[in-house]
Amino acid sequence: METARAAVERFADRTAIAEREREAVTDPATGETTERLLDTHRTRTYRELWADAEDIAAEWADHGALRAGGFLATVGFISGDYAALALAGARVGAVEVPLQASATAANLAPIVAEVEAVVLASSTERLPVAVEVVLATGCVRRVVVFDHNPAVDAQRAVVDDARARLAAAGVELTTLDEVRERGAGLPRAAEPDVAPDALAMLVYTSGSTGTPKGAIYTDSMVAGLWTWRWTQDEDDDLVSFNYMPMSHLAGRVTLLSTFARGGTAQFAARSDHSTLFEDMALAAPTELILVPRICDMLHQRFRSEVDRRGVDPAVVRRELREQWVGGRVRRVTVGTAPLSAEMAAFVENSLGVELHDGYGSTEAGALTIDHKVSRPPVIDYKLVDVPELGYFTTDSPHPRGELLVRTRTIIPGYYKRPELNAEFFDEDGFYRTGDIMAETAPDTLVYVDRRKNVLKLSQGEFVAVSRLEAVFASSPMVRQVYVHGSSERSYLLAVVVPTPEALASTPADQLRPRLLESLQRVAAEAELNPYEVPRDLIVETEPFSTENGLLSDVRKLLRPRLKEHYGARLEELYETLARNEVDDLRALREGAADAPVLETVGKAAQALLGRASTDISPDARFTDLGGDSLSALTFSNLLRELFGVEVPVGVVVSPANTLRKIAAHVEAERSHGGTRPTAATVHGAGAEQVRAADLTLEKFLDADTLAAAASLPRATATPRTVLLTGANGYLGRFLCLEWLRRLDASGGTLVCVVRGADDAAARARLDEAFDTGDPDLLATYHRLADEHLEVLAGDIGDADLGLSEQDWKRLAETVDLVVHPAALVNHVLPYDQLFGPNVVGTAELIRLALTHRVKPITYLSTVGVLDDPAITEVDDIRTTSPVRRVDGGYANGYSTSKWAGEVLLREAHEAFGLPVRTFRSDMILAHTRYTGQLNVPDMFTRLLFSVLVTGLAPASFYAGGGPAHYDGLPVDFTAEVITDLAWGAVAGHETYNVLNPHADGLSLDTFVDWLVEAGHTLHRVEDYQEWVSRLETALRALPEHRRQHSLLPLLHAFAAPSPAVDGSVVPAPHFHEAVRARGGEIPHLSAELITKYADDLKSLGLL
């Protein structure tokens, strides 16, 4: 506190903070008020900033919610308001708990509960998450909203909603502006009596490798952060640029060291960094703290500008230095993670200043700058042997080992976790960093590797290289293999020693590509992830041996020796591949307009996936070449850049689409001028919010169809020809079976549109979906299909559903009912990528339903469309959810695409009386009778598999101790009831929430009991977080063919116990009444169904 006060007194009239001004703008057409960033800045002096903090502290002291020693949790992006809150917290002697701004409520709630925070400060942007945290924990009594502009409609609505929800729970909500205003007229807060060793701040780790833990910072340690900086230089005109979170010490130190030297702290305006370079240019900082990702962004923009404009790179470098970063940078430091040598050279050459490298940790503070040990704060350090990795302090030419340190800034421990001290501190009080260092000279340390034999690639994927080496060693061409990678790179390389037979039988110029092909074949057989397959390799003819020092006495690879021996050549190969990729992409951009489309598509896939030209066949699928949904997104964006048309991810990853067909899609879009609707043409390019009002039929359907629709005749009550999409999906195949049964009785026909190269291939794919372990199911399907099934090759995302003109016309004339469960289900892809298959595809089916005669539509949606659980089944989604935010949240794109489909169907019903039945489902469980019929990729199956395969379950999945309920329904019931409610529905619009509404106390805990009673050995772990940690460890140790079916990708959803709610959170009375009206009842889940999961997993070879 005294450090802050001294800075204020010394620099009172200097500018302390500067933020871009924001202007409220009202749209004259809609009346909506939004916010626009201006190029000017609003500033506050040190005196004014301190006065803000004093006013806030005075109000807090008067209010009584936050006193000395109380916990203040803060979630939000770094800003001037955040800085004032931090100072005010220190002023009253509160314990600050900065929370990760991007974390989910499930991640944050355990932290807030552990510290028992009484006040939670939240930015408006993160307020919905903050509310969930408050309601889940019960300890917070007051929420303070900062960075709030009440003139902006959306922001005001968020606060009003939060205020109402919190008031119902007895929690007060106030804005920071209101706190300031009240505090300005109150007596100043009493000076807190805080001892130097008193708890002042808790910095929680991210939890990426286990349970988040709170590093304890005492009052004296927090004061020390003001002087913890990478340089002692004093600048009269210092300007820093602040974009890192306050929950990370790098972000906090950037801000506080600016204040300590009387500088001005400029702030990024958007938490998503969408205006980062614009903000940086306006800020014109003199000092930059960079992280590798920002360096990557600079480099990508640099390369794009050079390629786009065809100018000398020196011209763009000068613009980067003088315009992009403001032209005043005098010092640049990179921290938080290692930076590749090429990227470091790029930054230095572009900015014209020396790049400094900083290394430190939350637990120990600043440790090195430019590889030199920082004394202070470092008191002592030592390296210790890591024999399992071959690192020893006796290594030559430099000692190597894990770095252990003692510093003046070392934490005294972790909050409420005394048991962790022995794990992270040795008996002499040295902190174990987990990093391998080489001591190249006294007090000079160079980062080598992580102790754990797991590599984290630059995109965040972890790879266990020893496991991969064991897989690749099984290749008939491979004698020995060393897999190499680092956190600076996004892909792996390898050194391969071929077998004598491979050397003897393969021409030298063909050896490398054949070895790569062999590795890829083995990887496919082992079902490795694409990022686990080396992109290129070095051929080594001399085997690794004890004689050349590359094998240990027990014939294990000596990884340090291999890295030392091949490191330079591997780095050179990385550089060559990077240059080739840049050259290839530049050539593509320059020649795309003139080259054949297929040739350009193939070269784009080759450049993006790092494949040899011999691998790229026009008839290869993108996924066959190693592409996944994320690389498909990059590929989609690249093709849009090259050709100026939309190529959705669904087109790229379709099992029916080869590179040749992707090229045909591009040619078709170019010939039509890109006339098919896209998210950009419907909602506006780069829209952060999408509106139901945007989704008008005129944007999707041609004028002739709309003009004729009002006078069309109606389909009959008893459907004889039913069109079904998505029949080879999990629910889709049982809807297919159910409709075949109904049509068998009436002598009708079921037409299924399935993706495939032709009708025969499409039929084969559907047949394969039923051939999944139960002969009775397969026999029933074939018996019914032989008489009543027609399969057409098509794609709902294509014009005319990808059908021939003749088939389209025939379906328009003969189909009586459309059943539409098909969708591209991907919880990672953004809305614009799902727009084609899920929104345009639905519109195309509406066009079919409004052609020749009006045909009812049965639409399968998701409860994810309900952004408010209070929305009922009878509500019009256009009214109750008129605007949806488009962001990177989990499943945001998917749920928004299904919402858009519901809106279009509402539009069609309102305009033309289109009969619609919408079914919103949640978890669809296994079939109660057929063997092996469960949805292997879904969360529930992954959970049960993970519990069964590890034998680990928590004492309870729930917090609160009350009865709980799991919301799921068997797939056979779901398919039957949907078909029943759709049969004969030729008028009206009905929506059903297909949920299990019973308050029956049947929960995940019950399921574990049933499994134990059935004879499965399961160990219940009392501490929930311990269970999560032990489960993750056990799952990571599974073989790949099992691990890929585990809960690992979704483990974040189980980071904390769920609230105990007995019954469905979302109401479903209309569905319940409809089922009863037909003489049925929604089933309770049973022990037979849950134990059948274990049997089904065994039948599929997973257990």
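Any read-out appearing in this document is the output of simple, stated calculations on the displayed coordinates, not a laboratory observation. Because the structure is a prediction, the values reported are computed rather than measured. Every residue, glycine among them, receives a Cβ derived from its backbone with ideal geometry; neighbour counts consider all protein chains shown.
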Scattering from the C-alpha atoms of segment 567-608 alone, worked out with Debye: what is log10 I(q)/I(0) at q = 0.19, 0.20, 0.32 1/Å?
-> -0.57, -0.61, -1.03
Mind pulling the angle between the C-alpha long axis of helix 1024-1036 and the longest principal axis of the chain? Nearest 10 degrees, somewhere in 0 to 90.
-> 70 degrees
Calculate, in nm to one decimal, what S274 and S671 gain on full extension: separation in residues at 0.36 nm each, minus their alpha carbon distance.
-> 139.6 nm
Looking only at segment 412-446, which residues have a backbone nitrogen under 13 Å from a spot 7 Å from the Cα of H398 in the C-beta direction?
-> 436-446
For the chain, what's the relative contact order in percent, using C-alpha pairs closer than 8 Å and at least 6 residues apart?
-> 6 percent
Using θ = phi - 60° and Karplus 6.51 cos²θ - 1.76 cosθ + 1.60, couplings along segment 355-367 (whole Hz; Gly, Pro as x) = 9, 9, 10, x, 9, x, 8, 4, 6, 10, x, 6, 10
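So which trypsin sites (Lys or Arg not before Pro) in segment 918-1011 end up in coil per DSSP with only 16 or fewer other C-beta atoms within 10 Å?
Of the trypsin sites (Lys or Arg not before Pro), the ones in loops of segment 918-1011 whose Cβ has at most 16 other Cβ atoms within 10 Å are R929.
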With Cα coordinates, the longest principal axis of the chain makes an angle with the long axis of helix 597-609, in degrees rounded to 10, of 40 degrees
Work out the FRET efficiency for R586 and R521 from their Cβ-Cβ distance, taking R0 = 30 Å, and round it to the nearest 0.05.
-> 0.40
Write down the radius of gyration of segment 377-450 and its Dmax, each obtained from C-alpha positions, in Å.
-> 13.0, 43
Normalise the Cα radius of gyration of segment 748-822 by 2.2 N^0.38 Å (N = residues in it) and let me know the number.
-> 1.15
In segment 1056-1096, which residues have a backbone nitrogen under 18 Å from the label point lying 7 Å from R1030's Cα in the Cα-to-Cβ direction?
-> 1056-1057
For the chain, build the charge dipole from Cβ charges (+1 Lys, Arg; -1 Asp, Glu) around the Cα centre, then report which of L784, L1048, V481 sits farthest towards its positive end.
-> V481
About the Cα centre of segment 2-194, how large is the charge dipole given +1 on each Lys and Arg Cβ and -1 on each Asp and Glu Cβ? Please answer in debye to the nearest 20.
-> 280 debye
In debye to the nearest 20, how big a dipole does segment 663-704 give about its Cα centre with +1 on each Lys and Arg Cβ and -1 on each Asp and Glu Cβ?
-> 100 debye
Starting from 0 in steps of 10 Å, tell me what percent of the Cα-Cα pairs of segment 905-984 lands in each bin.
-> 14, 30, 28, 18, 8, 1
Point-to-point label distance, R156-E805, nm (Cα→Cβ direction, 7 Å offset) | 5.5 nm
Counting only DSSP beta bridges with both residues in segment 2-194, tell me the antiparallel percent, nearest 5.
-> 35 percent
Multiply the residue gap between D980 and V539 by 0.36 nm, knock off their C-alpha separation, and tell me the result in nm, one decimal place.
-> 152.4 nm
How much net charge surrounds T896 when only the other residues with a Cβ under 9 Å from the Cβ of T896 are counted, with Lys and Arg +1 and Asp and Glu -1?
-> +3
Tabulate in residue order the Karplus-calculated ³J(HN,Hα) for segment 974-990, using 6.51 cos²θ - 1.76 cosθ + 1.60 with θ = phi - 60°, rounded to whole Hz; enter x for Gly and Pro.
-> 4, 5, 5, 6, 5, 5, 4, 6, 8, 5, x, 7, 10, 8, x, 10, 10
Reciprocal of mean inverse Cα separation for segment 2-194 (Kirkwood radius, Å) | 17.3 Å
With label points set 7 Å from each Cα along the Cα-to-Cβ direction at A593 and V1012, the distance between them in nm comes to 7.1 nm
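Using helices alone, what [θ] at 222 nm do you get for the chain, with -39,500 (n - 2.57) per DSSP H run of 4 or more residues, divided over all residues and rounded to the nearest 500?
Helix-only estimate at 222 nm: -12000 deg cm²/dmol.
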Taking amide H positions as placed 1.01 Å from N in the peptide plane, with prolines and chain starts having none, which residues 5 or more places from L551, or on another chain, fall under 5 Å of its amide H?
-> S545, T546, L558
Shape metrics for segment 226-362, restricted to C-alpha atoms - Rg then Dmax, Å | 14.5, 46
Quick one: if you stick a label point 7 Å off each Cα along the C-beta vector at C139 and A687, how many nm between them?
-> 4.2 nm
Using R₀ = 41 Å, calculate the FRET efficiency as 1/(1 + (r/R₀)^6) where r is the Cβ-Cβ separation of R1020 and D177; round to 0.05.
-> 0.25
Roughly what % of DSSP beta bridges within the chain run antiparallel, to the nearest 5?
-> 45 percent
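Count charges around D704 for me, please; just the other residues with Cβ under 13 Å from its Cβ, Lys/Arg as +1, Asp/Glu as -1.
-1
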Calculated over segment 592-671: convex hull of Cα atoms, volume per residue (Å³) | 76 Å³
Would you mind checking which residues have amide H under 5 Å from Y204's amide H? H placed 1.01 Å from N; only 5 or more apart, or other chain.
-> A215
Can you list residues whose amide H is under 5 Å from G968's amide H, if they're 5+ apart or on another chain and H is modeled 1.01 Å from N?
-> N996
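In the P(r) worked out for segment 703-839, what percent of Cα pairs fall beyond 19 Å?
Of all Cα-Cα distances in segment 703-839, 54 percent exceed 19 Å.
Please work out the Cα convex hull volume for segment 983-1103 and give it in Å³ per residue.
179 Å³
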Residue span T576 to A167: 0.36 nm per residue of separation minus Cα-Cα distance leaves a gain in nm of 141.1 nm
Residue-count net charge about G951 - beta-carbon cut-off 13 Å; Lys, Arg +1, Asp, Glu -1 = +2
Rg/Rh of the chain (Cα atoms, Kirkwood Rh), to two decimals, equals 0.96
Crossing angle, helix 659-671 versus the chain [Cα axis fit, 0-90 degrees, rounded to tens] = 80 degrees
Work out the FRET efficiency for R10 and A955 from their Cβ-Cβ distance, taking R0 = 51 Å, and round it to the nearest 0.05.
-> 0.40
When the dipole is taken about the Cα centre of the chain, and only Lys, Arg (+1) and Asp, Glu (-1) are charged at their Cβ, what size is it in debye, to the nearest 20?
-> 420 debye
